[in-house]
Each structure stands twice: as structure tokens, then as C-alpha cells.
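Have a look at the structure below, then the notes.
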Amino acid sequence: MIEFAAVLGLGLVLYAMKALPFVFGKVPQSRLGNQVLDLLPVGLLTALLLPPALIGAVQDPAVEALLAIGAVVAALGISALTGQAALSIAVGLIILAIAETI
Amino acid sequence: MTMGATLFGLATGAATASSGLPAAVNYAIPTLFYSGVGQLAYAQLFALGAPFASVLAALVLINLRYLIYATIASTWPRPRSRLLRIVTPYFITETSFAMALQEPLGDRVRFLLGAGLTLWTTWVVTCVIGSLLADQLPPLKHGYAVPAIVLAPILMALIKGRLRIAVAAVAFVLGLVLFGLPFRLGPLAAGMAAIAIVLAASAIWERVR
């Protein structure tokens, strides 16, 4: 019961972190502010997705690491060249599945 | 996108179940937190017997990025319905936020809600399955690569224009350098610092030119 109450309380805090800016947020409009808001998704998603993939792969055995990095590079490359989201994800996951079976 | 949520849901459900949490908490936590990394962190800290205050501080720091996503989403045209305004932010995650960014400004919140609902359903169901099959599921050896693969199309669509390309490049390098920061603050710090560096460099370049 105590654990459930703790998780409920923590869940409410996590929800509040998302809800308060969204429900009540007033973001001041300025040229710099708009630039920062425009660039934030690129900066955050790049830093959140790519370095962990590279660092994770480096810690793996060589062949698996190459396949894992290859899977990410293939997904990024196919997305950039063709714009085909489903194809790029499918190819990336297939290569990663091969790495999983080694 | 649900493929990525499925893989992570199974792995996270299995990892949470093996931490020794009571069954009711185990099944409720994917819904109450709706944060995979937060859920894993809580399970690890619970297993270590960490005090509540440190668990709270860790989860707040780990989920700081949601504050930023929600702040950005608050600049989009928001629904008039109070209920939708209250419900929509619950569904903000990397994936739903990134998917909504691809849509025209007026449709983003609606898309955030639709994509979020689909991803949330997948997440909760797969977490429960992962919990039930915790003993039978093999560990995902290369789980670290799944988010990058699943979100690659969105990331590549976002990286357009000189400033964004520069921010992505600097964020990648800083992300590697700051990877070891505690509470997974590395990406957040790297992303913010990259923007500051690129905007400062851009301002200096404009002045020199």
C-alpha cells in the first residue's frame, strides 16, 4: 500500500511537469525565444538518440557493434535519401535483429 | 513507431518485474509514470531501498526534458476544451512529441493526442506482458539502438537548414562528451549547450560579416 501511494505521488509529480507548462504556460515571444524553441527539438533529440547508440555499440563485441551502428546509420541514411519512414525503420530493425541473434 | 514502444515495453516490464515491486504497483506503474526511463530508474532505486526524497529528485531530473517538450507544445494552438488541455500533456513523450512536430501547427496538439493514445496503449499492454513473461524473455542486447532507429525518420526530417544542421552536429559531439552526467542529464545539457553555442557563433558571424 505504501509503495502504491509512493508511485501514485511520483506519477502525479511527473504529470504536473508536463501539464503545468501546457495548461497554464505563457511563453514570451521574442526573436531569440522563437529561435531557441525552433532549435530545441533538433538539439534534444540528436543528443538523446545518437550518442547513446554509439556509446552502447562501442561497448559491444566488434561484429555486433558494427551491426548495431550499421542499423542506425542505415535508418538515418534511408530516411535522408528516400524520406520513406517505414522502410528506414524496417531496414534498421532487421539489421539490429541480426545483431541480436549473434 | 509502435514497434519501438513494443520492444521497450517488453524489456521495461520484464526489468521492473525483476526488481521485487509488489504486483499491483508493477502493473500500475506504466500508467502512473508513463515514462520508461523513469520507470526503470524507480525500479532500480526501489531495489536499492533508496529514500523517497532521493527517488523524487532523481525522477524529476530524469524527466526534465518533458518540461521542455511541454513548454514547446504550449506554444502550439491548444484545444479549447479544458478536459483536452488536462488530458493531452499526459501523452507527451519523445515519440509523440517528435511525431506531432511533423504536422502543420494547427494540427499538432490533435496529433499529439492521437499518436500518444496509440503509443500509450502499446506501452501499457507490452509492459504488462513483459512483467508476466519476465522469466522467459531474453534480455535485449542492443536496446540502446532502438530509439535512434525508430525516430531516425523524424530526426532527419527536422535537420534542415544551416542552423539546425549545426545544432545537430554540436549536440551530437556534446552528447558524447556529457554522456556520463548523472540522472541522464547529459542529453538535456548537450542539447541546450549546443543551441547556445550555435546561436552565439551565428551572432558573432553576422557581426563579423
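Per-structure values
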{"read-out": "Anisotropy class of region B:17-133 from Cα gyration tensor, a/c 1.5 cut", "value": "prolate"}
{"read-out": "Additional length obtainable on full extension of the chain from B:Glu206 to B:Asp135, 0.36 nm per residue less Cα span", "value": "19.6 nm"}
{"read-out": "Cα gyration tensor, region A:14-65 - rounded (a/c under 1.5), prolate or oblate", "value": "oblate"}
{"read-out": "Sequence-separation-based contact order of chain B, relative, with Cα cut under 8 Å and 6+ spacing, percent", "value": "29"}
{"read-out": "Simple Cβ-charge dipole of chain B, Lys/Arg +1 and Asp/Glu -1, about Cα centre, in debye nearest 20", "value": "720"}
{"read-out": "Sequence-separation-based contact order of region A:17-102, relative, with Cα cut under 8 Å and 6+ spacing, percent", "value": "22"}
{"read-out": "Long-range tail of P(r) for chain A (Cα pairs > 17 Å, %)", "value": "71"}
{"read-out": "Value at 222 nm in deg cm²/dmol, rounded to 500, when DSSP H runs of n ≥ 4 in the protein assembly as shown each add -39,500 (n - 2.57)", "value": "-25500 deg cm²/dmol"}
{"read-out": "Rounded to the nearest 20 debye, dipole of the protein assembly as shown from Cβ charges on Lys, Arg, Asp, Glu", "value": "1220"}
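Coordinate-derived values only; no laboratory data. The shown structure was predicted, so the numbers you read here are calculated from the model rather than taken from an experiment. Using ideal geometry, Cβ is built from the backbone for each residue, glycine included, and neighbour counts are taken over all protein chains shown.
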